[in-house]
1. Normalise the Cα radius of gyration of the chain by 2.2 N^0.38 Å (N = residues in it) and let me know the number.
2. Any idea what diffusion coefficient the stretch 73-232 gets from Stokes-Einstein, in µm²/s, Kirkwood Rh on alpha carbon pairs, 25 °C, 0.890 mPa s?
3. Over the stretch 237-294, what is the relative contact order in whole percent, taking alpha-carbon pairs under 8 Å and six or more residues apart?
4. What ranking, highest mean first, results for peptides 83-91, 264-272 when packing means the other Cβ atoms within 10 Å averaged over each residue?
5. Which length gain, in nm to one decimal place, applies between Asp283 and Glu40 when the Cα-Cα distance is subtracted from 0.36 nm times their residue separation?
6. Pick out which of Leu73, Leu260, Leu178 has the largest mean-square fluctuation in a Gaussian network model of the chain, springs linking Cα atoms closer than 10 Å.
7. Positive end of the dipole of the chain, charges at C-beta (+1 Lys, Arg; -1 Asp, Glu), about the Cα centre: which of His221, Leu160, Asn35 has its Cα farthest in that direction?
8. Can you give the FRET efficiency for Asn22 and Thr270, using 1/(1 + (r/R0)^6), R0 = 51 Å, r = Cβ-Cβ distance, to the nearest 0.05?
Amino acid sequence: MTLTRPLRLGTRGSPLALVQANMVAAELRRAHGWNEQAIEIVPVKTTGDVVQDRPLAEIGGKALWTKELDRALLDGAIDFAVHSMKDVETIRPEAIRIAAMLPRADVRDRLIGAESIATLPHRARIGSSSPRRAAQLRHLRPDVSIVPFRGNVDTRLRKLAEGEADATLLAAAGLDRLARPDIGAPIPLDVMLPAPAQGAVGVEARAGDAATFALLAAIDHAETHGCVAAERAFLAALGADCHSPVAALATPDGNLRAELFSEDGALHITGHRPSAEAAELADCLLDQAPSAIRNLFAGR
């Protein structure tokens with residue numbers, strides 16, 4: 001296809017977001033034989049990047065990463081937008097649809113500051129603003145305490161180096177994409193399941209823009225798209241939000257595993273089903289869950 005103007009790819013302005021935007025642009029150029037000028041990367045400042053002193057759940061949730069990009073997309077200022085899929089809220093505007101996903105990277109978390117969760121010092125302070133990570137750590141190590149940690153990768157590593165915490169957790173995929181594969185110890189999946197959609201990069205476009213959807217179809221990784229769709233369907237059936245400690249992972253063999261926690265990590269329920277039965281798995285876990293867990297999913 002011959003372009004009459006550069007396509008505008010909207011992204012957050014963080015170092016990781018820009019790396020992911022360039023990944024998408026490179027894949028599109030490769031798929032369509034375009035030159036460097038075919039895609040213009042347009043950084044958009046989001047509220048989530050600006051407000052760094054409070055947990056997301058207190059100030060608006062995942063929409064703080066997406067609403068400015070959504071506005072730019074719907075206003076026609078950009079043609080499509082790139083996101084870390086774990087940061088995209090489950091219920092999206094009807095006028096916006098997920099058009100493509102790149103192949104998924106390492107889904108695990110990495111622990112920075114200790115070789116493993118078991119070897120963390122007694123009563124260690126763990127830097128995290130993720131309800132999921134906080135509950136999982138408290139479940140595994142009730143002696144640890146959680147201190148708020150937000151910001152991009154460099155900010156969190158600086159806070160750790162300055163002694164604000166004894167350890168922290170970061171997504172392996174983000175560290176790999178920032179060319180830091182040796183930082184931290186990967187946490188096995190049988191110890192800690194990831195956040196739904198962790199490690200996946202997605203591209204959204206306006207729902208009625210058939211031409212852009214056709215272009216993006218060339219870079220859509222069907223296996224990743226299917227797995228992430230199952231995890232997001234599970235979240236939707238739960239009525240989960242940023243306050244909900246939930247982990248889930250769908251695998252290419254068609255299996256979906258999930259865990260729900262109480263906020264303090266003391267209570268925990270887990271299960272698995274075929275990925276096509278994501279909603280049934282959500283219903284099953286909530287039916288079996290104690291009220292301290294079930295009450296965290298008020299969106300149902």
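1. Details: Rg = 19.1 Å, N = 300, 2.2 N^0.38 = 19.2 Å.
Its radius of gyration relative to the 2.2 N^0.38 Å reference: 1.00.
2. Working: Rh = 17.2 Å.
The calculation lands on 143 µm²/s.
3. Values: 81 pairs, mean separation 18.0, N = 58.
This gives 31 percent for the stretch 237-294.
4. On the way: 83-91: 20.8, 264-272: 15.3.
The most tightly packed comes first, giving 83-91, 264-272.
5. That works out to 83.1 nm of additional length.
6. Of Leu73, Leu260, Leu178, the most mobile in the Gaussian network model is Leu178.
7. Of the options given, the answer is Leu160.
8. Numbers: r = 37 Å, r/R0 = 0.73.
Taking R0 as 51 Å, the efficiency between Asn22 and Thr270 is 0.85.
Taken together, the values in this text are just the output of simple stated rules run on the coordinates, not laboratory data. Small disclaimer: the values here were computed from a predicted structure and weren't measured. Positions of Cβ are generated from backbone atoms using ideal geometry, with glycine treated the same way; all protein chains shown enter the neighbour counts.
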